[in-house]
Amino acid sequence: MISSTLEHLEKSPFLERLEKKGYEVIYFTGQVDDYLMQYMMDYQDKKFQNVFEEGLKLGKESKAKELEESFKELTKWWKSALARENVDDVRISNSLDDTACVVDIKTWMESKYEKYNAGLSGWFESLRMIWEN
């Protein structure tokens, strides 16, 4: 997990399921860590995954697809209901556990880059999405 503060990482709702399943999580708070992790894909045959990115793989993928299908109508309804609030997408998350949902930015732009570029034009606010549990 990459963030500017350790407190932000420790309080992240994206850790809930990982902690319950006993996964180890490496916290990165350095300024070059995000860049470093783009090139450091694995260590001793263990693949690194960014908890904040979409597509986190935790065990059986068929269960994730099954959940997506069973909540298809609900996510469609939420997406329609929140469209006027600048929510771009609504998705089922396999990393949340106790938290009902999270508002997040699109995966191609990390939150710290959003802060760096906030002064450009303000269009980043329109690129939010909801992750449901």
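Worth pointing out:
- Filter result for Asp97 (under 19 Å from Tyr23 (Cβ atoms), of a type outside the set (Ser, Thr, Tyr) and modelled with pLDDT under 85): yes
- In the set (1) modelled with pLDDT of 80 or more; (2) farther than 30 Å from Lys21 by Cα; (3) touching a Ser or Thr at 6+ places or on another chain (Cβ under 6 Å), Val90 fails one condition alone, (2).
The values are calculated or read from the model by the stated rules, or taken from the named source; none is laboratory data. Predicted model, so just to flag it, every value in this text is computed and none were measured. Note that we place each Cβ from the backbone using ideal geometry, even for glycine, and neighbour counts take in every protein chain shown.
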